[in-house]
Structures are given as C-alpha cells and as structure tokens.
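**Q** First, the structure itself, so that you have it in front of you.
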Amino acid sequence: MARPAHILLCGYYGHRNAGDEIVLAGILGGIASEADGRRYEVRAISGSPEDTLDVHGLRSWRQFSPAGVTSALAWADCLVLGGGSLIQDATSRRSALYYLWLTRMAQALGRPVFVWAQGFGPLTDPGLRRLAARVLSRAGGVTVRDARSLEDLQDLGVRGAVLTADPAFLAPPAEHVGEGILPAHGGAAVLGVAVRDWPGADAGLAAVGQACAQFARERSSVPLYIPFQHPNDVDVSSRLAAACEPPAAVLRQRISPGEMVRLFGELDQAVGMRLHSLVLAARAGVPFAGVSYDPKVRAFCDRAGMPCAAVEDISPEKLAGILLEQSGRREEISAGLRRFAGQQKQEIGEFVGECPLPTRHSRPKDRAGDQPRQERTEDDTQ
C-alpha cells in the first residue's frame with residue numbers, strides 16, 4: 001500500500017500569536033473534514049516546534065533552520081502557505097524574502113505549492129514584487145482573503161487567484177470556556193477588546209481605552225482585554241485596562257485556539273485591532289468595531305459590513321458612539337453577521353474540498369543529480 005500523502009504547512013505558526021494558531025487549527029479542521037477517505041499526513045514548519053506540538057499535536061520543523069527546512073521539503077509531497085499575511089514588507093523585508101525563497105525551493109524540487117487564504121501585501125519593494133510575480137504565477141493554486149490582495153496580485157500579473165474566506169472560520173471551538181477566563185460580570189454585558197502596540201499609535205490606543213471605559217459606564221458593561229500576541233499584547237492591554245475606573249479585566253493567561261473561539265461566542269460586543277479578533281466576533285454573531293492599523297483590518301470590516309476607524313485619527317467620542325449605536329441594534333446586527341459567517345465558512349470549505357492536494361505518494365523525482373535526502377529522525381522534529 002502506498003504511504004499517505006505528505007502535506008507540509010507553513011505560516012506564522014509557533015510565535016505565540018493566537019490569530020495564526022487559530023488559522024492553523026482551521027486549516028487542519030478543513031483538511032480533516034474534506035479528506036473523504038484519502039490518506040494523508042500533515043506536518044508544519046514552525047517558529048517553535050515544541051509549541052506547535054503542544055497546541056496542535058502536530059510535528060514540525062524549525063522555521064529558520066536551513067537543515068530543518070531542507071528536510072521538511074524532502075519529506076513533503078506539496079507545500080501549503082496557509083493563512084496570514086506572509087508575503088509583505090510592511091513589518092520587514094525578511095518575511096517576504098523568507099516565504100518567497102521557501103516557495104521557490106519547493107518548486108525547484110518539483111513540489112506543488114498552494115497558497116491558501118493569504119492577505120497579500122503591502123509589498124512595495126520593486127524587486128520583491130517581481131520575484132513574487134514569478135513565484136506565485138507557478139503556484140498550483142492561489143486564494144486570498146480580501147479584495148485588495150486580489151487586485152494587487154492581478155496588478156502583478158498573477159492570473160487565476162481566487163477570493164475566499166479566512167481559515168479561522170473553520171477552527172473548531174472548545175466545548176467550554178475554561179475556569180477564570182471570563183471575568184465575573186453578574187449578568188452584565190461583556191465587551192471584548194483586542195489591541196496591539198503599533199508605531200505612532202499611542203494617542204489612538206489611549207482613545208480606544210477611553211472609548212471602551214465610557215461605553216462601559218453608560219451601559220454598565222464589563223470590558224475584557226483579550227491579548228492575541230503573548231507577551232506583547234498583555235503589556236499594552238494592561239496599560240489601557242488600568243486607566244479604566246474601575247480597572248478593566250485582562251485575560252493574562254494564554255489559551256488554546258479552541259478556547260479563544262469559544263470565548264468570543266460568550267461576548268456581547270467587541271472592539272479589535274487584531275484581525276482575528278474581528279473574524280471570531282463575526283463568526284459568533286457578535287457586533288464589533290474595527291480599529292485599523294493595517295489594510296487587512298479595514299478590508300475585513302468592509303467585507304463584513306461593519307464600522308472601522310483608523311488608529312491614527314480615532315476619537316473616544318466617535319468609537320463610544322459606534323458602540324452605543326450597536327448595542328441598541330444588537331439582535332439585528334448579530335443576525336446579519338451570522339449570515340455573513342455562514343457564507344464565509346461555505347466559501348473556505350468549498351475551496352478546501354476542491355483543492356487538488358495529492359491523494360497518495362506520487363511526487364515527482366528530485367532534480368537530476370540530486371540524491372534523495374535522509375528524512376529527519378524522531379529527534380529532529382517535534
């Protein structure tokens with residue numbers, strides 16, 4: 001009997017970012033739901049193989065280990081760039097260079113590459129844009145999670161890219177929220193807040209904190225700051241929570257992807273800078289307001305038909321007014337978001353089902369002159 005197909009996933013996994021871990025959980029859940037009897041094995045490339053094993057039970061190779069990446073590609077039948085904003089130079093050129101190099105290496109070895117639900121760009125460097133055009137034009141399939149990314153790829157000359165939904169819509173929820181995760185609220189509404197530090201955003205972040213405090217006072221609700229990136233988001237969340245009167249609650253512990261999905265289902269409203277806080281709110285039918293520091297945040301809010309303000313020019317009065325208006329229309333907004341989430345889940349599910357992943361061991365031989373590489377031992381992967 002032929003061995004199972006080897007599917008190698010790569011994204012911003014193993015970096016203690018809840019959004020990317022939820023994306024990975026969604027991809028794994030999507031593949032499992034659409035397997036239809038096909039035999040496969042999934043492994044990943046991760047910033048922390050130990051963390052990926054602990055959170056997902058998934059063996060992986062270390063992201064920036066040349067030997068590890070070489071072994072991973074030798075093992076794989078195909079490479080999947082799964083979710084996130086991987087090919088961009090807004091934070092640094094390193095991200096785009098790494099993922100384009102990895103994709104090019106896989107293609108040179110004859111491994112098909114699939115790009116799933118990417119947020120492409122911003123990519124401003126002319127050389128990187130030319131490289132991205134060449135590499136992505138050779139991919140076996142490309143899907144993006146927002147219209148701006150699709151337009152940017154089309155401008156590069158990448159044909160056949162398809163608009164789909166974020167894999168986080170497929171992430172399975174935990175059965176319940178763990179003890180101590182939700183603050184004691186005595187039946188009062190809970191407002192989830194997911195913020196992050198960003199250069200030049202101090203005034204905007206202070207405005208978010210003031211708006212949430214004002215809304216909490218007027219509606220007798222309980223703000224809960226929910227960090228997505230540990231420990232960075234814990235620090236900024238703690239600063240804003242301490243400025244509330246009384247101080248707002250902060251979820252200081254790191255929770256599993258499934259618990260995070262379940263937690264957002266327990267909220268009444270949400271404010272988010274973190275993209276996947278908004279995705280989780282949408283899938284739970286929780287009215288939300290976005291605070292944009294990156295085009296991906298506004299793109300998702302526009303797609304969901306929800307309000308969004310830029311972090312650099314937000315005012316406490318404006319954001320508090322949005323939250324107050326939403327609280328008076330909560331049932332109406334929730335119903336619309338649930339319809340939207342159902343459509344998104346169907347879109348990403350259909351793509352996973354139609355994606356031509358290998359169904360058996362049938363990969364091409366390595367290039368002429370290359371010797372088959374020894375796969376890593378149990379001690380080399382986690």
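**Q** Looking at (1) over 19 Å from residue 167 (Cα atoms); (2) not in a loop (DSSP other than H, G, I, E, B), which is the one condition that is false for residue 110?
**A** Among (1) over 19 Å from residue 167 (Cα atoms); (2) not in a loop (DSSP other than H, G, I, E, B), the lone unmet condition for residue 110 is (2).
**Q** Please go through the range 267-297 and give me each residue that is of a type outside the set (A, V, I, L, M, F, W, C), modelled with pLDDT of 95 or more and farther than 19 Å from residue 211 by Cα, ordered by number. Don't jump to the end; show me each part of the working.
**A** Narrowing the range 267-297 to residues of a type outside the set (A, V, I, L, M, F, W, C): 268-269, 272, 274, 276-277, 283, 285, 287, 290, 292-296.
So of that shortlist, the ones also modelled with pLDDT of 95 or more come out as 268-269, 272, 274, 276-277, 283, 285, 287, 290, 292.
Across the range 267-297, the qualifying residues are 276, 283, 285.
**Q** In a helix (DSSP H, G or I), more than 15 Å from residue 209 (Cα to Cα) and of a type in the set (D, E, K, R): does that describe residue 318? I'd like the intermediate steps shown before the answer.
**A** Values: in a helix (DSSP H, G or I): yes; more than 15 Å from residue 209 (Cα to Cα): no; of a type in the set (D, E, K, R): yes.
Taking the combined requirement at face value, the residue does not satisfy it.
**Q** Same structure again: Can you go through 128, 136 and tell me which one is aliphatic (A, V, I, L, M), outside any loop (DSSP other than H, G, I, E, B) and farther than 24 Å from residue 166 by Cα?
**A** Working: 136 fails: farther than 24 Å from residue 166 by Cα.
Step by step, each of 128, 136 is checked, and only 128 is aliphatic (A, V, I, L, M), outside any loop (DSSP other than H, G, I, E, B) and farther than 24 Å from residue 166 by Cα.
**Q** How many of the residues in the range 113-125 are in a strand (DSSP E or B) and among the small types (Gly, Ala, Ser)? Steps first, answer last, please.
**A** Let us first name the residues in the range 113-125 that are in a strand (DSSP E or B), namely 113-118.
Filter once more, keeping what is among the small types (Gly, Ala, Ser): 117.
Final tally of qualifying residues: 1.
**Q** May I pose another question? For the range 36-56, enumerate the residues that are exposed (fewer than 15 other Cβ atoms within 10 Å of the Cβ) and at pLDDT below 95.
**A** Filtering the range 36-56 down to residues exposed (fewer than 15 other Cβ atoms within 10 Å of the Cβ) leaves 36-39, 41, 50, 54.
Across the range 36-56, the qualifying residues are 36, 37, 38, 39, 41.
**Q** If residue 54 satisfies all but one of (1) free of Cβ contacts under 8 Å to residues at least 40 places away in the same chain; (2) closer than 29 Å to residue 134 by Cα, what's the number of the condition it fails?
**A** (2)
**Q** Quick check, is residue 227 touching a residue at least 24 places away in the same chain (Cβ under 8 Å), touching a Lys or Arg at 6+ places or on another chain (Cβ under 8 Å) and surrounded by 24 or more Cβ atoms within 10 Å (Cβ to Cβ)?
**A** Working: touching a residue at least 24 places away in the same chain (Cβ under 8 Å): yes; touching a Lys or Arg at 6+ places or on another chain (Cβ under 8 Å): yes; surrounded by 24 or more Cβ atoms within 10 Å (Cβ to Cβ): yes.
Yes: the conditions hold for residue 227.
**Q** Related question: Give the residues of the range 152-170 that are in a helix (DSSP H, G or I) and either under 24 Å from residue 19 (Cα atoms) or in contact with a Cys (Cβ under 8 Å, 6 or more places away or on another chain) (or both), sorted by residue number.
**A** Residues of the range 152-170 in a helix (DSSP H, G or I): 152-156, 167-170.
Answer for the range 152-170, where residues must be in a helix (DSSP H, G or I) and either under 24 Å from residue 19 (Cα atoms) or in contact with a Cys (Cβ under 8 Å, 6 or more places away or on another chain) (or both): 152, 153, 167, 168, 169, 170.
**Q** The conditions are (1) in a strand (DSSP E or B); (2) in contact with a Ser or Thr (Cβ under 6 Å, 6 or more places away or on another chain); (3) among the aliphatic types (A, V, I, L, M), and residue 142 fails exactly one of them. Which is it?
**A** (2)
**Q** So which strands (runs of 3 or more DSSP E) are wholly in the range 193-300 and hold at least 3 residues that are farther than 21 Å from residue 166 by Cβ and not polar (S, T, N, Q)? Give the derivation first.
**A** Working: elements: 222-225, 269-272, 288-292.
Where strands (runs of 3 or more DSSP E) fall fully within the range 193-300 and carry at least 3 residues being farther than 21 Å from residue 166 by Cβ and not polar (S, T, N, Q), they are 222-225.
**Q** Restricting attention to the range 73-100, which residues are in contact with a Leu (Cβ under 9 Å, 6 or more places away or on another chain) and either among the acidic types (Asp, Glu) or assigned to a helix (DSSP H, G or I) (or both)?
**A** Across the range 73-100, the qualifying residues are 73, 74, 75, 77, 89, 93, 95, 96, 97, 98, 99, 100.
**Q** Here is a follow-up. Just to check your reading of the model, which residue among 252, 274 is basic (Lys, Arg) and more than 15 Å from the chain's Cα centre (by Cα)? Let's see the steps before the verdict.
**A** On the way: 274 fails: more than 15 Å from the chain's Cα centre (by Cα).
Matching residue, one of 252, 274: 252.
**Q** A further question follows. Within the range 177-189, identify whether any single residue is modelled with pLDDT of 95 or more and touching an Asp or Glu at 6+ places or on another chain (Cβ under 7 Å), and answer yes or no.
**A** As a first pass, look at the range 177-189 and keep what is modelled with pLDDT of 95 or more: none.
No, there is no match, as no residue in the range 177-189 is modelled with pLDDT of 95 or more and touching an Asp or Glu at 6+ places or on another chain (Cβ under 7 Å).
The values are calculated or read from the model by the stated rules, or taken from the named source; none is laboratory data. If you're wondering where the values come from, they're calculated on a predicted model, not measured in any experiment. Positions of Cβ are generated from backbone atoms using ideal geometry, with glycine treated the same way; all protein chains shown enter the neighbour counts.
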